[in-house]
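The values are calculated or read from the model by the stated rules, or taken from the named source; none is laboratory data. The shown structure was predicted, so the numbers you read here are calculated from the model rather than taken from an experiment. FYI the Cβ positions are ideal-geometry reconstructions off the backbone, even for glycines, and counts take in every protein chain you see. Keep in mind that these areas ignore ligands, DNA and RNA; they rest on the heavy atoms of the full protein, side chains included. Shrake-Rupley method; radii C 1.70, N 1.55, O 1.52, S 1.80 Å.
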Amino acid sequence: MILQEILYKVAIRSVHGRLDVDVKDLQLDSRKVTKGSAFIAVKGTHTDGHQFIESVTAAFPAAIICEQMPAILKDNISYIQVENSAVASGLLAHNFFGQPSEKLKLVGVTGTNGKTTIATLLYKLFTSLGYTSGMLSTVENRIGNKTLPATHTTPDPISLNQLLHEMLAADCTHVFMETSSHAIHQHRIEGLYYTGGIFSNITHDHLDYHKTFDEYIRVKKLFFDGLSSAAFALTNADDKRGEVMVQNTMAAKYTYGLKTATDFKGKILENNLTGLVMLVNDQEVHFRLIGEFNAYNLLAVFGAAVCLGEEKSEILRNLSVLSGAEGRFDYIISPKEKIVAIVDYAHTPDALENVLSTIRKLRRNEERIITVVGCGGDRDKTKRPIMGEVACKLSDKVVFTSDNPRSEDAGTILKDMEAGLNTAARRKFISIIDRREAIKTAVSLSKPADIVLVAGKGHEKYQEIKGVKKPFDDKAVLREVIEMMDK
C-alpha cells in the first residue's frame, strides 16, 4: 500500500521524505525488516524500538515511524514522527490490512475471569447457528474450522489485524475476541471497530503490571469508553464495578445477572455434576456447564447473541448442548473409585474461590476436596498469601506446588503462599515443588468419590522454569496417575 494511505487517522508531528512510496509490510521487530518494510519504533515494556532505527536503515526500509527523529536521516527512507508509536501501530495495521474489523461483527470480551469461556461459547454458538466465525483467545485462535495456536491473550496490532484480515478472507461474519488489560494499555486494539463489548467481572489480578487495582479498573474501562454509539456494551450487574465500566460509554447499555433485575436475568434451579438447570428470562434450560460462575458466562453469551440480533429460543436451544473451553472446570471421573479429578485455570484468588465454592456445592455427602495449587513467578506477589489462604479455607487437604515459576525460585513462591496461613490452615497443607509429584500425592491421598482439583494452569501444555518451557499437561498427568494407582 501507499504510505500516505496507511497513515489515515495517525497523529503526525513531522515528515521527512515522500509519502507516495510503496509499503510492502509493517514490522515492529527490527530483525524482520526487509527492503520496502515500514518499521514502527515502539517503546515496549522491555525494549525501545528507537534503539534499533540506525541498524534497520541497512535493510532499506520504505519508511520509519517513530516518536523521536534520529540525528541522522538517510536518503530514500521516509521518516514519520508521530505522537505515540504504539497508538500509530494499531491504526497503521488497521489501514494496511483494509480495516477488516469494520467489515465483520467484532465482539470484545474483557474482565478478570470468564473471558475465555465467554469467547469460546460465543464462537461455538454462532458456528452452530450456521455462521462462519472467528475467535481470538488465550487457548487458541480459530478461523472458521481452522485452529491456530495462541501466544498472547491479545496479539500485537499487526498480527491481530492480519488475523482479522484472514478471517474476513475466509468469509467469517462474526469474531469473538478476548481483550486483555495489557492489550488495552499497550494500544494493541487501537483502530479496531467493535460491534460490541462484554464485561465479565473484575478482581485482583495483574497488579505486577498495573501496580494498583484502581489503575487496572481504569484500563479495563477504557475499552468501553472507546465503543461507538452504534455498538452494544453488556455488563455484569452483580459485579460491584459493572456499572462503572459502562458509565461513560456511548454504546447502548445492557445488563445481565443472577441477583438483581437485569435485561438478561438468570436464576439457578439446579447445579450439579450433570450441569446447570436455569431460568433464563423465565425460560427453563438445562446446560452442560457447571457452577455459578458458568451461569454468569452463559448469561453473558445469551445477552450478546440477542444484542447481535439472534432469536432467543434458538440461542438457548443451541447453547444448551455446548461444552466450555479446555482447562476450564474440565473434569474426569476415575473408573474404579469414582474420584472426580478437575483441572481449572483458576490462577487468581477470586477464580480459585469460585471453583472451590462450586465444588463444595456439588458435594453430595462428605466427599473430601484435595487441591493442588501454585502461583506463577514474575507476577503479582501480593496474591500469593491470599491464594494459599483461600485454598486451605475451602479444601480438606492442600498440596502447594510450582506453577510457572519463570525466573523465580519455586521454593520462595511456596513460602510466600504459606505466609497467608493461620494455625488451622497450616495443619491442612504440604508443599511439594515438583508438580507431577504433587498431583501424584493428591491422588494417592484421595478416597473413593473424593474430589481432586488441580488449579492454575488449565489448558497450558507446558511449565516455564528458568526461561525454558518444558512439556506438562495437568489433565494428561492426572489420567496417567489415576491409571497407575488403579483408582
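Please determine, by comparing only the residues of segment 75-90 that are of a type outside the set (S, T, N, Q) and in a loop (DSSP other than H, G, I, E, B), which one is surrounded by the most Cβ atoms within 10 Å (Cβ to Cβ). It would help to see each step written out before you state the result.
First pass over segment 75-90, keeping only residues of a type outside the set (S, T, N, Q): 75, 77, 79-80, 82-83, 86-88, 90.
So of that shortlist, the ones also in a loop (DSSP other than H, G, I, E, B) come out as 75, 77, 83.
Values: ASP75: 5, ILE77: 19, GLU83: 11.
Top of the filtered list is ILE77.
Being within 26 Å of VAL343 (Cβ to Cβ), of a type outside the set (A, V, I, L, M, F, W, C) and surrounded by fewer than 22 Cβ atoms within 10 Å (Cβ to Cβ) is the requirement here; does GLU311 meet it?
The answer is no for GLU311.
Look at segment 29-42 and say how many of its residues are surrounded by fewer than 17 Cβ atoms within 10 Å (Cβ to Cβ) and closer than 28 Å to ASP378 by Cα.
Residues of segment 29-42 surrounded by fewer than 17 Cβ atoms within 10 Å (Cβ to Cβ): 29, 31-32, 34-36.
Now drop any that are not closer than 28 Å to ASP378 by Cα, which leaves 29, 31.
Total satisfying the criteria: 2.
Working only within segment 21-77, note down all residues that are in contact with a strand residue (DSSP E or B) (Cβ under 6 Å, 6 or more places away or on another chain) and of a type in the set (Asp, Glu).
Within segment 21-77, just ASP25 meets the criteria.
Being modelled with pLDDT under 95 and open to solvent by less than 40 Å² (accessible area, probe 1.4 Å) is the filter here, so list the residues in segment 380-403 that pass it. So that I can check it myself, show each step before the final result.
Going residue by residue through segment 380-403, those that are modelled with pLDDT under 95 are 380-383.
Hits for segment 380-403 are ASP380, LYS383.
Taking the condition of being open to solvent by less than 90 Å² (accessible area, probe 1.4 Å), free of Cβ contacts under 8 Å to residues at least 24 places away in the same chain and either more than 21 Å from GLU408 (Cβ to Cβ) or part of a loop (DSSP other than H, G, I, E, B) (or both), how many residues in segment 462-487 meet it?
Qualifying residue count for the region: 2.
If a residue must be among the basic types (Lys, Arg) and closer than 19 Å to LEU362 by Cβ, how many such residues does segment 433-467 contain?
1
Considering only segment 425-448, state which residues are open to solvent by 40 Å² or more (accessible area, probe 1.4 Å), of a type in the set (A, V, I, L, M) and either modelled with pLDDT under 95 or under 28 Å from the mean Cα position of the chain (by Cα) (or both).
Across segment 425-448, the qualifying residue is only ILE433.
Can you find a residue that is out of contact with any Lys or Arg (no Cβ under 8 Å at 6 or more places or on another chain), over 14 Å from MET1 (Cα atoms), β-branched (Val, Ile, Thr) and modelled with pLDDT of 95 or more anywhere in segment 16-31?
no
Out of the residues in segment 256-275 that are open to solvent by less than 40 Å² (accessible area, probe 1.4 Å) and modelled with pLDDT of 95 or more, state the one that is farthest from ASP344 (Cα to Cα).
Residue satisfying both the conditions and the ranking: THR262.
Residues that are within 30 Å of MET485 (Cβ to Cβ) and touching a Leu at 6+ places or on another chain (Cβ under 9 Å): which helices (runs of 4 or more DSSP H) entirely in segment 289-391 hold 3 or more of them?
Result: 349-362.
Does VAL107 satisfy the criteria of being at pLDDT 95 or above and either open to solvent by less than 10 Å² (accessible area, probe 1.4 Å) or within 18 Å of SER200 (Cα to Cα) (or both)? So that I can check it myself, show each step before the final result.
On the way: at pLDDT 95 or above: yes; either open to solvent by less than 10 Å² (accessible area, probe 1.4 Å) or within 18 Å of SER200 (Cα to Cα) (or both): yes.
For VAL107, the condition - at pLDDT 95 or above and either open to solvent by less than 10 Å² (accessible area, probe 1.4 Å) or within 18 Å of SER200 (Cα to Cα) (or both) - is met.
All but one of (1) of a type in the set (A, V, I, L, M); (2) at pLDDT 95 or above; (3) surrounded by 23 or more Cβ atoms within 10 Å (Cβ to Cβ) hold for VAL306; which doesn't?
(3)
Read through the list (1) touching a helix residue (DSSP H, G or I) at 6+ places or on another chain (Cβ under 6 Å); (2) more than 26 Å from LYS336 (Cα to Cα); (3) open to solvent by less than 30 Å² (accessible area, probe 1.4 Å); (4) modelled with pLDDT of 95 or more, then give the number of the only condition that ILE369 fails.
ILE369 satisfies all of (1) touching a helix residue (DSSP H, G or I) at 6+ places or on another chain (Cβ under 6 Å); (2) more than 26 Å from LYS336 (Cα to Cα); (3) open to solvent by less than 30 Å² (accessible area, probe 1.4 Å); (4) modelled with pLDDT of 95 or more except (2).
Just checking, does segment 45-65 include any residue being open to solvent by 10 Å² or more (accessible area, probe 1.4 Å), closer than 13 Å to ILE12 by Cβ and not basic (Lys, Arg)?
The answer is no; no qualifying residue exists.
Provide a single number: the residues in segment 10-28 that are surrounded by 13 or more Cβ atoms within 10 Å (Cβ to Cβ) and part of a loop (DSSP other than H, G, I, E, B). Show your work before the answer.
Pass one, segment 10-28, residues surrounded by 13 or more Cβ atoms within 10 Å (Cβ to Cβ): 10, 12, 15-19, 21, 23-28.
Next, only the ones that are part of a loop (DSSP other than H, G, I, E, B) stay: 10, 17-19, 21, 23-24, 28.
Qualifying residue count, segment 10-28: 8.
Sort through LEU164, LEU192, LEU160 and tell me the only one that's within 24 Å of ALA86 (Cβ to Cβ), in contact (Cβ under 8 Å) with a residue 60 or more places away in the chain, buried (at least 22 other Cβ atoms within 10 Å of the Cβ) and touching a Pro at 6+ places or on another chain (Cβ under 6 Å). Reasoning before the result, please.
On the way: LEU192 fails: touching a Pro at 6+ places or on another chain (Cβ under 6 Å); LEU160 fails: touching a Pro at 6+ places or on another chain (Cβ under 6 Å).
Being within 24 Å of ALA86 (Cβ to Cβ), in contact (Cβ under 8 Å) with a residue 60 or more places away in the chain, buried (at least 22 other Cβ atoms within 10 Å of the Cβ) and touching a Pro at 6+ places or on another chain (Cβ under 6 Å) holds for just one of LEU164, LEU192, LEU160, which is LEU164.
Can you tell me which residue is farthest from VAL306 (Cα to Cα) among those in segment 120-157 that are open to solvent by less than 20 Å² (accessible area, probe 1.4 Å) and of a type in the set (A, V, I, L, M, F, W, C)?
So the first thing to find is which residues in segment 120-157 are open to solvent by less than 20 Å² (accessible area, probe 1.4 Å), and the list is 120-123, 125-126, 133-137, 141, 143-144, 154-155, 157.
Right, trim to of a type in the set (A, V, I, L, M, F, W, C) and you get 121-122, 125-126, 135-136, 143.
On the way: LEU121: 14, LEU122: 11, LEU125: 12, PHE126: 12, MET135: 19, LEU136: 21, ILE143: 23 Å.
It comes out as ILE143.
Residues ASP171, ASP208: which one is at pLDDT 85 or above and surrounded by fewer than 19 Cβ atoms within 10 Å (Cβ to Cβ)? Working first, answer last.
Details: ASP208 fails: at pLDDT 85 or above.
The match here is ASP171.
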